[in-house]
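Right, one structure below, let's go through it.
The values are calculated or read from the model by the stated rules, or taken from the named source; none is laboratory data. From a predicted model like this one, the values you see are computed outputs, not experimental measurements. As a convention, Cβ positions derive from the backbone with ideal geometry for all residues, glycine included, and neighbour counts pool all protein chains shown. Accessible surface is based on the protein model in full, side chains and every heavy atom, while ligands, DNA and RNA are left aside. Shrake-Rupley method; radii C 1.70, N 1.55, O 1.52, S 1.80 Å.
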Amino acid sequence: MRKVIFAINITTDGCCSHMDMIPDDGLHKYFTDLLRTAGVILYGRVTYQLMVPFWPDVAREQSESEVTNEFAQVFTSLEKILFSSTLKQVEDSNTRLTTNSLANEVTSLKKQPGKDIFIGSLSLATQLSEFDLIDEYRFVVHPVIAGKGPKLFDKIKLQERLLLDFFGSETLQSGIVALHYKRNK
């Protein structure tokens, strides 16, 4: 069965805004390697519109460093499923727009053969955590105190705490620490 993996950049004070992170080659290599295990990425509208068309443009133009361009190519090649009730169409050929139930879609995807299912959106991860459908969490902690921005579980309070088993960590040259946890079953 496919795993559902949530990987998120987060500051030391728990903020998840994309604008406050350290987007260096080490970070892009980490996420490139991680995304090579993905078959599909699930997005909500807000995060999706931050990622697309930005990364497909980088992949096409090869306008960044070699490592960042490689990330853009891997990201662009992946199937994306966009959960949105406001968008009616998407331009990206690798994106499927859906209004299906998130829990039903993920349950169905888990039963299909293929590579892992990644969650690329804070709002979707919060909902899927509530449904106990995330198998692994990857918290990529940046040595930054942002003092502002969205936080995990800001909008939804879990009914019960989620216990996680520590699986490993990696420290990047910039001081970013990537923590890997599996859901305690």
Relative contact order %, the chain, counting alpha carbon pairs below 8 Å whose residues are six or more apart: 34 percent
Solvent-accessible area, 1.4 Å probe, carbon plus sulfur percent, for the chain: 52 percent
Extent along principal axes [Cα atoms of the range 90-144; Å; largest to smallest]: 35, 29, 22
Cα centroid separation, the range 121-185 to the range 1-52 (Å): 11 Å
Helix-only [θ]222 nm of the chain, DSSP H runs n ≥ 4, -39500 (n - 2.57) each, per residue, nearest 500: -9000 deg cm²/dmol
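Can you tell me the length gained on complete extension of the stretch GLN62 to LYS111, counting 0.36 nm per residue apart and subtracting the Cα distance?
Extra length available between GLN62 and LYS111 comes to 14.0 nm.
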Accessible area expressed per residue, the chain, with surrounding protein chains retained (probe 1.4 Å, Å²): 53 Å²
Share antiparallel - DSSP beta bridges, the chain, percent rounded to 5: 40 percent
The chain - Rg over Rh from alpha carbon coordinates, Kirkwood radius: 0.94
Unit Cα scatterers, Debye sum, the range 29-114: log10 I(q)/I(0) for q = 0.17, 0.23 Å⁻¹: -0.74, -1.17
Pairs beyond 30 Å (Cα-Cα), from LYS88/LYS185; LYS151/LYS185; LYS80/LYS155: LYS88/LYS185
Label point distance in nm, SER93-ASP33, each placed 7 Å from Cα along Cα→Cβ: 3.2 nm
